[in-house]
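Inspection log for the structure reproduced underneath, given as structure tokens.
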Amino acid sequence: MSADPPTTGPEAGPPATGPGPSPSPTVSGTGTSPGPTVSGAADGIDLTVLYRGPLASCDYDCPYCPFAKRRDSGEQLRADRAALERFTGWAGAQTGDRLSVLFTPWGEGLVRSWYRRALVELSRLPHIRRVAIQTNLSCRTGWLADADRDKVALWCTYHPGQTPYERFLGRCRELSDLGVRFSVGVVGLEGHLEEARRLRAALPPEVYLWVNAAEGHTYTDAEADRWTALDPLFPYSRHPHTSAGLPCRTGESVISVDGDGTVRRCHFVRTELGNLYDGGYRSSLGPRGCPLAVCDCHIGYVHLESLPLYDVFAGGVLERIPARPVWAPTPDGPDGRAPHRRPLPLVTG
């Protein structure tokens, strides 16, 4: 299913030229697809909101995650539910604005009914342009039939060793059958490489398989080439991006919100801009440079204006789906092992 894409913002339609990486993705330029704009109060605003409530429990035990197998108490779960319902109530009431929402819980949200309900309800509101969530896809998927599948999307991560491969692949096929937009990714650990190759071979070419550089790991060129064969955009994740003073859409057209309604420019900058629920944050929205030396997380650097990623992911910034497929099987086989594979060119603006 597809909707007519909006003409601006992170969910805008694809640009005239296709995406792709270069061996060293340090291209300057803002690209051709602007971020959501803050306009006069009478016209409302176009705003992307990254929401992260207090939920910390997860059903997986990944050794690289500090929230592995964490269990929230009943009181903590009730607090998370109340915070999420307050947020969705706020989002539903902002009928004069145009909102895009990405849920980025520390724990696994979709095993909780209130997150599933939030995605369904928000997707059906006319002023919500896109609603997406980061998930390990361990939950059932049938509930998505009630959502507006032109708007709802999933950012899925496969964790080898935490779930059977066939079960995860089956969930992906269910999403495809439902017509739900989704991306799939893995953490770029050497022990994950064969499973990632297997998954890439099984997924349709149009489903983007992304690779996150493992935290604290330095990749040799040979290692990076192996991951880039699966994800041509991996070079963006391989190295942190210098960001100090560079223009970034966060704090202007993209904000981060916690369970108390505290608004910050992004998850990684602690300076507060105000509170969502009293509206005080709106007067703080505006262009500003990044105060950090580097940005090394996709949900942060995707908004840097010095990178062309709003063009690369036009129409799919929230769910991490490129505007056009960036990977295709080679004659040597579908797993991307051929050493002569050529990456696609970068959009340079």
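One table, with the values for the structure above:
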quantity	calculated
Selection status of residue 282, surrounded by 15 or more Cβ atoms within 10 Å (Cβ to Cβ), more than 22 Å from the chain's Cα centre (by Cα), farther than 19 Å from residue 54 by Cα and at pLDDT 95 or above	yes
The stretch 153-179: number of residues that are assigned to a loop (DSSP other than H, G, I, E, B) and modelled with pLDDT of 95 or more	1
Residue match in the stretch 127-137 (condition: at pLDDT 95 or above, surrounded by fewer than 18 Cβ atoms within 10 Å (Cβ to Cβ) and not small (Gly, Ala, Ser))	yes
Criterion: surrounded by fewer than 18 Cβ atoms within 10 Å (Cβ to Cβ) and either among the basic types (Lys, Arg) or part of a helix (DSSP H, G or I) (or both) - qualifying residue of 324, 320	324
Residue count for the stretch 125-152, restricted to those that are of a type in the set (D, E, K, R), in a strand (DSSP E or B) and farther than 23 Å from residue 97 by Cβ	0
Output for the stretch 90-105, where each listed residue is in contact with a strand residue (DSSP E or B) (Cβ under 7 Å, 6 or more places away or on another chain) and either over 17 Å from residue 47 (Cα atoms) or part of a loop (DSSP other than H, G, I, E, B) (or both)	97, 104, 105
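The values are calculated or read from the model by the stated rules, or taken from the named source; none is laboratory data. Quick caveat: nothing in here was measured; it's all calculated off a predicted structure. Quick reminder, even Gly has a Cβ in these numbers, built from the backbone with ideal geometry, and neighbours come from all protein chains shown.
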